[in-house]
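The values are calculated or read from the model by the stated rules, or taken from the named source; none is laboratory data. Computed from a prediction, not measured in an experiment: that's the story for all the values here. Please note: Cβ atoms are built from the backbone with ideal geometry, for glycine as well, and neighbour counts cover all protein chains shown. Each accessible area value is taken on the protein alone, full model and side chains, heavy atoms only, with ligands, DNA and RNA left out. Shrake-Rupley method; radii C 1.70, N 1.55, O 1.52, S 1.80 Å.
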Amino acid sequence: APAASPVGTTVTVRQLFFNTPPRRAFLKSPTSEGSHIEEVLVSLALSRPEVRIVFTWEQRVVFDAAPQPTAAARAQAVLGKDWAQNLIVLPPPEEPGTGIEVSGVIAPPDRNRNTRTGQYFFVNRRSVKSQPLSYALSRGYGELLPSGRFPLGVISLTVPLHTVDVNVHPTKQEIKFEDEKIIYAFVQAAVKHALAQFSVTPTLDFDLDASIQQLSSIQQPFTEERKSAAASGSIFKGFTQKHQAH
């Protein structure tokens with residue numbers, strides 16, 4: 001019977017196909033169907049960190065996600081500590097005012113999977129599945145990922161409403177951007193920036209090889225005469241400010 005709920009909303013499903021029994025033949029096992037339900041609720045919980053969502057399955061609490069102030073805390077509450085440990089927060093955009101914002105969290109390169117199951121994308125707070133976004137996420141890691149492995153991440157995009165088409169798929173899980181290349185570039189740049197900011201990208205350390213310190217070019221003093229000779233050479237002139245890489 002209809003009844004008021006003092007706080008929140010409770011959804012209970014029983015005898016879903018009592019009036020259409022043939023539909024039951026298309027159902028998979030309870031475990032498989034339960035995983036689909038969990039996938040939907042996980043997406044809802046990640047997209048709405050300010051809302052508490054409790055998922056109970058057969059008298060067992062799968063997750064109890066209280067409101068969290070950060071995306072990292074929410075991911076840990078929903079996805080578990082194993083998934084969400086040592087997460088890297090995407091930095092705020094360097095060029096505000098473009099109408100496009102990328103936020104979220106990503107996992108370190110050493111925590112990856114052989115499928116894309118650990119990737120969650122949201123556009124204007126709606127869960128979506130997007131091959132271009134997944135590819136941009138992987139490209140942001142560059143050579144830090146082994147071949148055939150995929151990074152973990154929860155990526156949220158805010159874009160102007162008129163630049164995205166949500167009516168390209170019957171279930172509205174897939175979308176189409178007006179300018180896919182711009183969105184791709186924003187996501188890839190945000191991931192690269194986050195990895196660099198948290199010193200995840202590899203660096204060269206010449207101190208690790210003691211034999212380098214024994215080379216004559218290292219041991220001999222660099223006199224003013226040698227400095228002038230080096231500066232006049234073609235190799236040195238090739239590294240002018242004009243020709244330096246960005």
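Just checking, how many residues over segment 143-187 are in a helix (DSSP H, G or I) and either open to solvent by less than 40 Å² (accessible area, probe 1.4 Å) or out of contact with any Lys or Arg (no Cβ under 9 Å at 6 or more places or on another chain) (or both)?
12
Which condition breaks for Phe122 when tested against (1) open to solvent by 20 Å² or more (accessible area, probe 1.4 Å); (2) of a type outside the set (A, V, I, L, M); (3) at pLDDT 90 or above; (4) under 23 Å from Tyr184 (Cβ atoms)?
Answer for Phe122: the failing condition is (1).
Out of (1) closer than 22 Å to Ala66 by Cα; (2) surrounded by 11 or more Cβ atoms within 10 Å (Cβ to Cβ); (3) more than 30 Å from the chain's Cα centre (by Cα), what's the single condition that is false for Thr12?
If we test Thr12 against (1) closer than 22 Å to Ala66 by Cα; (2) surrounded by 11 or more Cβ atoms within 10 Å (Cβ to Cβ); (3) more than 30 Å from the chain's Cα centre (by Cα), just (2) comes out false.
I'd like the full set of residues that are in a helix (DSSP H, G or I), open to solvent by less than 90 Å² (accessible area, probe 1.4 Å) and among the hydroxyl-bearing types (Ser, Thr, Tyr), limited to segment 15-37.
Hits for segment 15-37 are Ser32, Ser35.
In segment 44-78, what residues are among the aromatic types (Phe, Trp, Tyr) and either surrounded by fewer than 16 Cβ atoms within 10 Å (Cβ to Cβ) or part of a helix (DSSP H, G or I) (or both)?
Listed by number, the list holds a single entry, Trp57.
Looking at segment 97-143 only, could you name the residues that are touching a helix residue (DSSP H, G or I) at 6+ places or on another chain (Cβ under 7 Å) and among the aliphatic types (A, V, I, L, M)?
Once the filter is applied, which keeps residues that are touching a helix residue (DSSP H, G or I) at 6+ places or on another chain (Cβ under 7 Å) and among the aliphatic types (A, V, I, L, M), segment 97-143 yields Ile100, Val102, Val105, Ile106, Leu133, Ala136, Leu137.
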